[in-house]
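Below: one structure, written as structure tokens.
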């Protein structure tokens, strides 16, 4: 599991990342001892996202320090990995209150910039990947919301946070609104 985790963080090829994520999910089905490794990987990616995302927000300070890797590129790599992981594993740990709200905020900023004919900090590639990730995360939450017991197969890998489920209707409505605005 540790080797798969390391490969997932280093591999630049999206197709190879898909296979690694599927292998991690399969490993979880075989052994619960892999669960902490996958949790750690998802938490690391989520923490990376939460660290970089504010730099692209419309509320970001203009005098931010120059980065070795542009924030949009760093965020795209993280979001792509989270999306791939979300396809194979329930990333309900990407909580609706902070993570999903932040992603919706970035998409909102892009929609506002486009409507005002100004350059957007979030490019089209990142916007599409964020939308895909949000759809996956919300689909998992909606499945748990509609059928809390027994849990649907798609949410079996991770416990469902009941407090988060109360936010699903609002988050889904916000996602539909921002997608229409884009």
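Just name the residue that is modelled with the lowest pLDDT out of those in the stretch 156-167 that are part of a helix (DSSP H, G or I) and surrounded by fewer than 19 Cβ atoms within 10 Å (Cβ to Cβ).
So, considering only residues that are part of a helix (DSSP H, G or I) and surrounded by fewer than 19 Cβ atoms within 10 Å (Cβ to Cβ), the one modelled with the lowest pLDDT is 162.
A count restricted to the stretch 87-139 and to residues that are closer than 18 Å to residue 52 by Cα and assigned to a helix (DSSP H, G or I) stands at 25. Since residue 85 meets every condition but one in (1) under 9 Å from the mean Cα position of the chain (by Cα); (2) modelled with pLDDT of 80 or more; (3) closer than 23 Å to residue 182 by Cβ, which condition does it not meet? Status for residue 85: all satisfied but (3). Counting residues in the stretch 91-102 that are within 12 Å of residue 56 (Cα to Cα) and either at pLDDT below 95 or out of contact with any helix residue (DSSP H, G or I) (no Cβ under 9 Å at 6 or more places or on another chain) (or both) gives one or more.
Going through the stretch 79-100 one residue at a time, which ones are surrounded by fewer than 21 Cβ atoms within 10 Å (Cβ to Cβ) and free of Cβ contacts under 8 Å to residues at least 60 places away in the same chain? Across the stretch 79-100, the qualifying residues are 98, 99.
The values are calculated or read from the model by the stated rules, or taken from the named source; none is laboratory data. What you see is a predicted model; the values in this text were computed from it and never measured. Glycine also receives a Cβ, built like all others from the backbone with ideal geometry; neighbour counts cover every protein chain displayed.
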